[in-house]
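Inspection log for the structure reproduced underneath, given as structure tokens.
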Amino acid sequence: MKKIKKVVGFVSLIILVFWVSITLWAEGKGPKKSWSLGNVASPQKALIVYDPDPLYNLDEQISRSLGQALADKGMHVRVVSVKKAMELENTSYTLYVFCANTYNWRPDWALSNFIDKKVILTNKNVVAITLGSGSTEASQQALEKLILSKGALLFDSRSLWLLKPNDESKPKESNVAVSVSMAYSWGQEIAGRMAVKD
């Protein structure tokens, strides 16, 4: 019995060390990245912030696709990684979009810390995007709660999945391609609603 307990304890310790190591690696801030889309002179300005995932770049693809849709509708859009966003001047944007990866059922640390400590969102329109391999409900709720705690106006919030189908009617299409297409359509919808709101 003692031997079994030792083996179980040892295996549990190895799993814990592996899990913590993977979490710390995945949660680290990604590289500086930045894109400027649309008409710089536009009075409608959007900031899209994400932290690059070390394995998949779904977050980048979603952010750029949604950003391109906003730009195509007349907005000036900055798409930036968290590291790059830390260097930006404290400019006021018409719309803020935060794209969070899900790790351990919560939005990634880098983006969460940026929202919590580095940006003023009082009465600002904010869109939340939560990405994950499968179900991201808990992470999406945590991201929304964080945004609302900053006094922001939650303009919209959706989750997209890397592995679980985002559109059951397109089972043979790449889920990433479907997600990117959905992000573009969503961006057009957001731009239309922003125009009506103004």
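The values are calculated or read from the model by the stated rules, or taken from the named source; none is laboratory data. Quick caveat, the model's predicted, so the values are computed rather than measured. We work out accessible area using only protein heavy atoms, side chains counted, and drop any ligands, DNA or RNA first. Shrake-Rupley method; radii C 1.70, N 1.55, O 1.52, S 1.80 Å.
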_From the phi angles alone, apply the Karplus equation (6.51, -1.76, 1.60; θ = phi - 60°) to segment 94-99 and give each ³J(HN,Hα) in whole Hz, x where the residue is Gly or Pro._
5, 9, 10, 10, 10, 10
*Semi-axis lengths, Å, segment 107-195, gyration tensor of Cα atoms, sqrt of 5 times eigenvalues*: 26, 17, 9
*For segment 44-198, which whole percent of the accessible surface, found with a 1.4 angstrom probe, sits on carbon and sulfur atoms?*
51 percent
*What is the Cα centroid distance between segment 120-147 and segment 66-101, reported in whole angstrom?*
15 Å
*Any of K45/K145; K45/K124; K73/K172; K118/K150; K83/K117 with alpha carbons more than 20 Å apart? Name them for me.*
K45/K145; K73/K172
